[in-house]
Structure formats: C-alpha cells, structure tokens
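Data first, discussion second: the structure below is written as structure tokens.
Values quoted throughout were computed directly from the atomic coordinates according to the rules given, and no laboratory measurement underlies them. Bear in mind the structure is a predicted one, so any value in this text is a computation, not a measurement. All Cβ positions, even for glycine, are placed from backbone atoms using ideal geometry, and neighbour counts span all protein chains on display.
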Amino acid sequence: MGMFEHKAAVNRATCKATSGAPRAWNRRELMYAANSYCDGLKGAPFDNCVFAGKSCPRNENGVTTTQNCGVGTGVFGFTVRGRRWVADTETGVVLGVFYFDYGPSSNLFLHEYFKIQAGTLAYIFAPMKNQPHAQVAASTFAQETK
C-alpha cells in the first residue's frame, strides 16, 4: 500500500503514515514530503504536518540553523511561492526552487535540497540570495493556475 492509496493509514495529528514497511518513495511522495516543510512555514495548522525526522538539521549558507527542521517552522508565518521541484528517486533527494514572500518590499530566492530517509526529512541544505520584490514577481515565478 502506497502512502497516498489509503487515507486511514495516515495519522491525522502528525500527517504521517501509521504503518507499512519502509520502501523507496516515488517522485510524487518525495515532493510531498519536501512540500510539507514549505507549507509548515505558513504556520498553523500546516506546521504540524512537516515530515521531519527526529534529527533533521537545516544548513543555511554554511551555517546550521536548527537541528530539527520540523520544530518552530510555523513561527515564520510567510508564504513560499513559485515552487519548482526536481526529485531523485534513487537517492531520495529533492531540489526545491522557490522564494519566501516576506511582503511588498523583500523576498528571499533560494534553492533547498531535501534529503528524505525512511519517510521523513533527514536533512535540508539551503543556499540563499535576497532578491528585489519586482524581480521575483516577474512572470518567471507566476503561480500555476492548474
């Protein structure tokens, strides 16, 4: 049974599978796990659904910002826009390209690499660069309507 094939197999409090043997995740599942982190940055109720493991360090521009990427994600309260994903099903690594929408004057464009192991986020590496709002609002990052 796959992660998305049976809703009863998901704990509603943690948004994680309640049973099932470990297996390699497919592209859709890997992207779902990485997306859970981006959704968690918005705050409640999404911050309770981050697929973070017991140890999930997040490294930002060479500095470890947290030892558990699932703790405190909701305090940021901003939206992640322009999400694009590349998933490697053999290594369990997902590359996310997006920007943090801080408001009308500032955004943070970044690539984040998510390592997924045993159904949880195991590591996040985030190289970043601040971008002017007008640049990231360009049609390149327009939200998909489908």
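The charge dipole of segment 24-141, taken about its Cα centre with unit charges on the Cβ of Lys, Arg, Asp and Glu (plus for the first two, minus for the last two), comes to roughly 80 debye. Each of T120, G96, T79 was placed along the dipole of segment 75-132 (beta-carbon charges, centred on the mean Cα), and the one lying farthest toward the positive end is T79.
The label-point distance for H111 and T65, in a model that sets each label 7 Å from Cα toward Cβ, rounds to 1.7 nm. Our coupling estimate for segment 97-111, obtained by passing each phi through the Karplus curve with A = 6.51, B = -1.76, C = 1.60 and θ = phi - 60°, is 10, 6, 9, 8, 8, 8, x, x, 10, 8, 9, 10, 8, 7, 10 Hz, Gly and Pro reported as x.
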